Each structure stands twice: as structure tokens, then as C-alpha cells.
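The values are calculated or read from the model by the stated rules, or taken from the named source; none is laboratory data. Predicted model only: the values in this text are computed from it and were never measured. Reconstructed Cβ throughout: ideal geometry from the backbone, glycine too, with neighbour counts over all protein chains shown.
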Amino acid sequence: MDGRPHVALIGMMGSGKSTVGFWLARMDGLRFVDLDSAIEEHQGRSVVEIFETSGETHFRDVEQELLAGCLASPQPLVLSCGGGVVLRAENRAVLRARAWVCWLRAGIETLSRRVRSGANRPLLGKDPAGDLIEINRARAGLYAETAHEVIDVDSMNTSQVAERIKLIRPRPIPYQ
Ligand code: S3P
């Protein structure tokens, strides 16, 4: 597939990347990697604990290292990325180069409903909806410049989004 074997899902927390990625990988018989889970496994602690005890910069360093590692895999995979993966230029570049990148774009109402209280989301404080608005405002341009395609997910459930991606994504080269 023109040198970009992987499918990477990006977008705000609550946009459905992990669930959609899981189903898409299952439908296509591809390996699925949830980058946050990979970070937790690598660090032996939760994302919240990493933020609390080592800080966001450390989290972003690990995220960058593991993202590059996943995308270097010769085996095509479906990768669901944490919402902040686009913050670093190096991540945006490697995603564009090595993956077909799809932005799951959701409105604030959808995101707020899905993240609810903001538990397990270290970047959300006492006003999750207000924080989501701010974060989304800061990142929308980065998602747009990183993505090859955008899907507006507000009126779709996760299996509809997975079906849609299956329809529009370039076909992968079978793994040799
Ligand atoms: C983050 C999103 C989270 C996780 C971390 C930081 C962000 O992932 O990586 O809490 O910066 O938006 P999800 O988008 O899967 O919730």
C-alpha cells in the first residue's frame, strides 16, 4: 500500500478510537495495538499514574518511542493513538509517512457524554466539557494536518465507523 501499511486512528479522547480500532482489526484479521495500553504495559503502571508520578513530558517521551516502534513493524496493524499523539511534530511526521491516518472527529457534546466525569483522563479537571473545548481548539489543526481522511462520528456508532473505514481505506499489501 504505497509504503504506508498501517491504519492509525487519531482524535480527541472519547472519539471512539480504541473501540473502532479493535473492531476494524478484527474485521480485517489485522493486529490491533492501543498505544495507551502499550504504554501502560511498557511502564508497568496506568496512564494516570505515569502523569502523576513522572509527569506529562515523560509520558510523551514514552508515547513517541512506542509509536515509532509500532510503525516500524513490518506487519500491518491497526493502531489507536492517544488524543495527544499529534502534539509532537516527530509523531505527526512518522504517522503521515508510515500509516494511513484517519481522524475520528467528534463534537464536544459527543466527547463530553463519552468521557463523563473525566475519570482516568489526567488532562481533564473539574470542568471536563470546558477542558475538552480548550484542548480540541488547540489540537484541531494538528489532527487535520496529520490525517489522510476525516470521519465525523457524531451520528454513527462504533461499528458503523469501523465499516466506513473499511470501505474508504487503501487496501493493505498482504503480509509476507
Ligand atoms: C491524552 C489522551 C489519552 C491518553 C492521555 C493523554 C490526550 O488517550 O493518551 O490521557 O492528551 O488527549 P485517549 O485519547 O485514548 O483517551
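Here's the yes/no breakdown for (1) more than 29 Å from V153 (Cα to Cα); (2) touching a residue at least 24 places away in the same chain (Cβ under 8 Å); (3) more than 12 Å from the ligand (Cβ to nearest atom); (4) in contact with a strand residue (DSSP E or B) (Cβ under 8 Å, 6 or more places away or on another chain):
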{"position": "A8", "(1), (2), (3), (4)": "no, yes, yes, yes"}
{"position": "G11", "(1), (2), (3), (4)": "no, yes, no, yes"}
{"position": "T19", "(1), (2), (3), (4)": "no, yes, no, no"}
{"position": "V33", "(1), (2), (3), (4)": "no, yes, yes, yes"}
{"position": "V47", "(1), (2), (3), (4)": "no, yes, no, no"}
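Suppose the filter is at positive phi and surrounded by fewer than 16 Cβ atoms within 10 Å (Cβ to Cβ); does G118 pass it? Before the answer, list the steps.
On the way: at positive phi: yes; surrounded by fewer than 16 Cβ atoms within 10 Å (Cβ to Cβ): no.
No, not satisfied.
Please name all residue pairs, on different chains or six or more residues apart, with Cβ atoms under 8 Å, provided the first residue is in segment 114-140 and is closer than 16 Å to S15 by Cα and the second residue is of a type in the set (S, T, Y) and within 9 Å of the ligand (Cβ to nearest atom).
R114/S15
On the given criteria, is Q64 away from the ligand (no atom under 14 Å from the Cβ), among the polar types (S, T, N, Q) and touching a residue at least 12 places away in the same chain (Cβ under 8 Å)? Can you show your working first?
Values: away from the ligand (no atom under 14 Å from the Cβ): no; among the polar types (S, T, N, Q): yes; touching a residue at least 12 places away in the same chain (Cβ under 8 Å): yes.
In short, no.
Does any residue of segment 133-152 turn out to be at pLDDT 95 or above, part of a helix (DSSP H, G or I), of a type in the set (D, E) and surrounded by 14 or more Cβ atoms within 10 Å (Cβ to Cβ)? Give the steps one after another, and end with the answer.
Narrowing segment 133-152 to residues at pLDDT 95 or above: 133-152.
Applying the additional criterion that residues be part of a helix (DSSP H, G or I) yields 133-146.
Within this subset, residues satisfying the condition of being of a type in the set (D, E) are 134, 145.
Still in the list and also surrounded by 14 or more Cβ atoms within 10 Å (Cβ to Cβ): none.
No, the conditions are met nowhere in segment 133-152.
Do we have A106 as surrounded by fewer than 16 Cβ atoms within 10 Å (Cβ to Cβ) and under 16 Å from the mean Cα position of the chain (by Cα) here? I'd like the intermediate steps shown before the answer.
Details: surrounded by fewer than 16 Cβ atoms within 10 Å (Cβ to Cβ): no; under 16 Å from the mean Cα position of the chain (by Cα): yes.
Against the criterion (surrounded by fewer than 16 Cβ atoms within 10 Å (Cβ to Cβ) and under 16 Å from the mean Cα position of the chain (by Cα)), A106 does not qualify.
Consider L87 carefully, then state whether it is of a type in the set (A, V, I, L, M, F, W, C), in contact with a Lys or Arg (Cβ under 9 Å, 6 or more places away or on another chain), within 13 Å of the ligand (Cβ to nearest atom) and without any contact (Cβ under 8 Å) to a residue 60 or more places away in the chain.
On the way: of a type in the set (A, V, I, L, M, F, W, C): yes; in contact with a Lys or Arg (Cβ under 9 Å, 6 or more places away or on another chain): yes; within 13 Å of the ligand (Cβ to nearest atom): yes; without any contact (Cβ under 8 Å) to a residue 60 or more places away in the chain: yes.
Yes: the conditions hold for L87.
If P74 satisfies all but one of (1) more than 12 Å from the ligand (Cβ to nearest atom); (2) in contact with a strand residue (DSSP E or B) (Cβ under 8 Å, 6 or more places away or on another chain), what's the number of the condition it fails?
(2)
When you check V115 against the structure, is it under 14 Å from G16 (Cα atoms), out of contact with any Phe, Trp or Tyr (no Cβ under 7 Å at 6 or more places or on another chain) and modelled with pLDDT of 95 or more, yes or no?
It is false that V115 is under 14 Å from G16 (Cα atoms), out of contact with any Phe, Trp or Tyr (no Cβ under 7 Å at 6 or more places or on another chain) and modelled with pLDDT of 95 or more.
Within segment 109-131, how many residues turn out to be of a type in the set (A, V, I, L, M) and over 16 Å from the mean Cα position of the chain (by Cα)? Before you say what the answer is, go through the steps one by one.
Initial filter on segment 109-131 (of a type in the set (A, V, I, L, M)): 111, 115, 119, 123-124, 129.
Restricting the remaining residues to those that are over 16 Å from the mean Cα position of the chain (by Cα) gives 119, 124, 129.
Number satisfying all stated conditions: 3.
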